[in-house]
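One structure is given here, and the rest of the page talks about it.
Values quoted throughout were computed directly from the atomic coordinates according to the rules given, and no laboratory measurement underlies them. As the structure is a computational prediction, the values presented were derived from the model and not from experiment. Please note: Cβ atoms are built from the backbone with ideal geometry, for glycine as well, and neighbour counts cover all protein chains shown.
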Amino acid sequence: MEIQRNTVYEHSEYGEILVLGIHRSSRKYDSETDNGAVDDVVVKFSDDWDAFGPMFSHILATSLTDFVEFTGDALHVEKYD
């Protein structure tokens, strides 16, 4: 499954959701060497947005594995400048 930012997907629990980004998650990170062990990949999304973007009180995150399990194909792309 290809996941893209600013794209609306159908989620089995939340209905239509807007993907805000895909992020790597680390338990520990060394800023001097720019090195960290990636533990997981997290998808941030919102179940409430308008023409200006997501409502900040509705920003959610889940692991990539859970996102793929509960989310269907992309419905459409939102245009944000």
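Restricting the GluC sites (Glu not before Pro) of the stretch 1-37 to loop positions (DSSP other than H, G, I, E, B) with no more than 15 neighbouring Cβ atoms within 10 Å leaves E2, E13, E32.
For the chain, the longest piece that avoids every one of the chymotrypsin sites (Phe, Trp or Tyr not before Pro) found in DSSP loops with at most 14 other C-beta atoms within 10 Å covers 1-51.
Under a 10 Å cutoff between Cα atoms, tell me which one of D34, D66, D48 has the largest fluctuation in the Gaussian network model of the chain. Largest GNM mean-square fluctuation: D34. Loop-located trypsin sites (Lys or Arg not before Pro) in the chain (DSSP state not H, G, I, E or B) with no more than 14 neighbouring Cβ atoms inside 10 Å: K79.
Electrostatic tally near V42: other residues with Cβ closer than 11 Å to its Cβ, Lys and Arg +1, Asp and Glu -1, net -1. Between the residues N35, M55, V68, the greatest Cα displacement towards the positive end of the dipole of the chain, with unit charges on the Cβ of Lys, Arg, Asp and Glu, is found for N35.
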